[in-house]
1. Can you pull out the trypsin sites (Lys or Arg not before Pro) in segment 173-213 whose DSSP state is coil and whose Cβ has at most 14 other Cβ atoms within 10 Å?
2. I'd like the distance separating the alpha-carbon centroids of segment 1-59 and segment 199-226, in whole Å.
3. Which net charge results when you count Lys and Arg as +1 and Asp and Glu as -1 among the other residues whose beta-carbon is under 12 Å from that of Tyr196?
4. Do the alpha carbons of any pairs in Lys109/Lys131; Lys176/Lys212; Lys155/Lys235; Lys33/Lys152; Lys31/Lys152 sit beyond 27 Å of each other, and which pairs?
5. Would you please classify the overall shape of segment 1-144 from the alpha carbon gyration tensor, given that a ≥ b ≥ c denote the square roots of the eigenvalues, rounded means a/c under 1.5, and beyond that prolate means a/b larger than b/c while oblate covers the rest?
Amino acid sequence: MAFLTLSDVHIYSDHDPILDRLIEVFKWAHKQKLNQLFLLGDIFDLMVGEHREYLTNYQKFFEELRVLINAGTEVHFVEGNHDFHLRKIYQEIGANYHKKSYQLQVDGKKFYLAHGDEIQLENFDYLIMKKIINNPFCERLAGVLPYSPLDKLGKNLSQASRKRNSTRYQEESSQKVKELFRKSVDAFSQKERFDYIILGHSHVLDEYQSPKGFTYFNNGYVKMTQKILLYQEGKFKFTDLSSFRE
Ligand SMILES: [Mn+2]
């Protein structure tokens, strides 16, 4: 059993250099006949609503995923807070789509995979906002809003968020975020027992053996860490992006 988890890639346009790195990962997965690939949200910096333009603007991304799926790799997409209401788009290429999380049982272990925004503690206002965004009316609205202003808004927002990301979550603050997420997964684990909890969202890469008896991984921020999480032969390893090149 082998799988990869990816989140928080924050692809901001079809010219984003990270897009080519990702395609290399998909090709590697294809060659390796990887069992499963988990896309745990915020793969794109802004992708909201079922606009077919996304399929053409990011054709290489979706086509490579489709090839991978057709070759037998199971692909699961879990919504992030930057890319959501995309069920039709992912289902069209044959991927599985999940709004909140995915649970997996392999090698005698139980895995919980999600974006992480819903597990994060001290996030009350955000969760209220998310409830509003997720109501069926907003979902329909996102689908009927014209594409081009949405795309423009996305580009502006992502520019601002890139500026933030270059200073955010560094040193002191990243330590605080790390601790908050560890506390959050400890609290979450009280509800249901898992062997592994895998999240993104924090942008702080982490591996944590909880005293509560599970292991937590956070994917971190790929553009900064240049690492993605690979599970192979019963073990997890943060693996350099460069090692997925053919
Ligand atoms: Mn996020």
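1. Values: sites: Lys176, Lys178, Arg182, Lys183, Lys191, Arg193, Lys212; in loops: Lys191, Arg193, Lys212.
Within segment 173-213, the qualifying trypsin sites (Lys or Arg not before Pro) (loop, at most 14 other Cβ atoms within 10 Å) are Lys191, Arg193, Lys212.
2. Comparing the Cα centres of segment 1-59 and segment 199-226, I get a distance of 19 Å.
3. On the way: positive: Lys109, Lys110, Arg193, Lys235; negative: Asp107, Asp195, Glu207.
So the environment of Tyr196 carries a net charge of +1.
4. Details: Lys109/Lys131 31 Å; Lys176/Lys212 20 Å; Lys155/Lys235 38 Å; Lys33/Lys152 38 Å; Lys31/Lys152 36 Å.
From the list (Lys109/Lys131; Lys176/Lys212; Lys155/Lys235; Lys33/Lys152; Lys31/Lys152), the Cα-Cα distance tops 27 Å for Lys109/Lys131; Lys155/Lys235; Lys33/Lys152; Lys31/Lys152.
5. Values: a/c = 1.79, a/b = 1.22, b/c = 1.47.
Oblate is the answer for segment 1-144, as a/c is 1.5 or above yet b/c matches or exceeds a/b.
Values in this text are rule-based calculations from the coordinates and carry no lab data. The structure presented is a predicted model; accordingly, all values stated were derived computationally and were not measured. In this analysis, Cβ positions are derived from the backbone assuming ideal geometry, glycine residues included, and neighbour counts consider all displayed protein chains.
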